[in-house]
Amino acid sequence: MRNKRKQLKARLSVLARERAFFDSKLESLMKDHLGEFALIKGTTILGFYPDSRTAYRDGQRLFGIAPFLIVRVAKDIVPVIQAVAAA
């Protein structure tokens with residue numbers, strides 16, 4: 001049980017870093033991608049999608065159970081999906 005908690009904590013830390021990266025790019029992203037959904041892994045934006053479902057499918061295809069972030073490019077940001085699979 002302790003090991004699973006440690007793994008979950010590590011995955012949440014990854015998502016927090018991805019979110020911080022997104023926040024640092026938000027102003028410039030709003031110029032060309034307002035309203036789209038960004039798929040983020042680490043410090044890379046892998047693509048922009050018209051809806052969260054398409055972004056999630058692509059994230060699953062690329063990363064399986066590894067954590068990734070999907071967030072809508074907007075002034076009031078609410079993460080759509082912070083995928084953290086319990087291994």
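Side notes on the structure shown:
- If only residues of segment 62-79 that are surrounded by 16 or more Cβ atoms within 10 Å (Cβ to Cβ) and within 16 Å of residue 44 (Cβ to Cβ) are counted, the one that is modelled with the lowest pLDDT is 67.
- Neighbours by Cβ (under 7 Å, 6+ apart or cross-chain): first from segment 41-67, on the phi < 0 side of the Ramachandran plot; second basic (Lys, Arg): 63/41; 67/11
To keep it simple, each residue is scored yes or no on (1) modelled with pLDDT of 85 or more; (2) part of a helix (DSSP H, G or I).
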position: 19; (1), (2): yes, yes
position: 25; (1), (2): yes, yes
position: 38; (1), (2): yes, no
position: 45; (1), (2): yes, no
position: 56; (1), (2): yes, yes
position: 81; (1), (2): no, no
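- Selection within segment 1-51: residues that are in contact with a helix residue (DSSP H, G or I) (Cβ under 8 Å, 6 or more places away or on another chain) and hydroxyl-bearing (Ser, Thr, Tyr). The member of this set that is farthest from residue 76 (Cα to Cα) is 43.
- The set of residues in segment 27-47 being closer than 13 Å to residue 69 by Cβ and either surrounded by 14 or more Cβ atoms within 10 Å (Cβ to Cβ) or of a type in the set (Asp, Glu) (or both) consists of 37, 38, 39, 40, 41, 45, 46, 47.
The values are calculated or read from the model by the stated rules, or taken from the named source; none is laboratory data. As the structure is a prediction and not an experimental result, all values here were calculated from the model. As a convention, Cβ positions derive from the backbone with ideal geometry for all residues, glycine included, and neighbour counts pool all protein chains shown.
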